[in-house]
Amino acid sequence: MIRSELVDKIAEANPHLYQRDVERIVSTVFNEIIEALANGDRVELRGFGAFSVKKRDARIGRNPRTGESVQVEEKHVPFFKTGKLLRDRLNDS
């Protein structure tokens, strides 16, 4: 599902809301999650999962094309851990 499909589903389920308002709500939610992660905070959506940021240390990598060693710098990457409800729904089938 892409963002526009999510907006359409929410708008269908809530006919009293305008499409532009639903788009603004979805954008605000995503922007708040992004902002929290950028600040190093953890975002937990009960029953769905938790977003956090993990630090990857600098290391020596390898260019797969040439085989040459390459220095890979330290970086921070987003991490998602599923919640129990989501895990149970996925494994029920």
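Readers should treat all values here as calculations from the given coordinates under stated rules, not as data from a laboratory. Here the structure is a predicted model, which is why all the values come from computation and not from measurement. Please note: Cβ atoms are built from the backbone with ideal geometry, for glycine as well, and neighbour counts cover all protein chains shown.
Would you mind working out the magnitude of the charge dipole of the stretch 1-41 relative to its Cα centre, with +1 at each Lys and Arg C-beta and -1 at each Asp and Glu C-beta, to the nearest 20 Debye?
Details: 4 positive and 8 negative charges, 21 e Å.
My answer is approximately 100 debye.
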Exercise. What percent does the relative contact order of the chain come to when contacts are Cα pairs within less than 8 Å and at least six residues apart?
Worked result: 21 percent
Seminar exercise, completed: For the pair I2 and Q71, the simple spin-label estimate (label points 7 Å beyond Cα toward Cβ) gives in nm 4.0 nm
Exercise. What percent of all Cα-Cα pairs in the stretch 42-93 falls in each 5 Å bin, counting up from 0?
Worked result: 5, 17, 14, 14, 12, 10, 10, 11, 7, 0
Seminar exercise, completed: In whole angstrom, the spacing between the Cα centers of the stretch 13-50 and the stretch 58-86 equals 26 Å
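If each DSSP helix of 4+ residues adds -39,500 (n - 2.57) and the sum is divided by the residues in the chain, what number results at 222 nm, nearest 500 deg cm²/dmol?
Values: 3 runs with 39 residues, N = 93.
Taken over the chain, the calculation gives -13500 deg cm²/dmol.
About its Cα centre, what dipole magnitude does the chain give when the only charges are +1 on Lys and Arg Cβ and -1 on Asp and Glu Cβ, stated in debye to the nearest 20?
Values: 17 positive and 15 negative charges, 89 e Å.
Approximately 420 debye in magnitude.
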Seminar exercise, completed: With label points set 7 Å from each Cα along the Cα-to-Cβ direction at D41 and A58, the distance between them in nm comes to 3.1 nm
Seminar exercise, completed: Using eta = 1.002 mPa s and T = 20 °C, Stokes-Einstein with Kirkwood Rh from Cα pairs puts D for the chain, in µm² s⁻¹, at 130 µm²/s
Exercise. Once Lys and Arg get +1 and Asp and Glu get -1 on their Cβ, which of G67, I10, F30 lies farthest toward the positive end of the dipole of the chain?
Worked result: G67
Problem set entry | Viscosity 0.890 mPa s, 25 °C: Kirkwood-radius Stokes-Einstein D of the stretch 1-41 over Cα pairs, µm²/s | 225 µm²/s
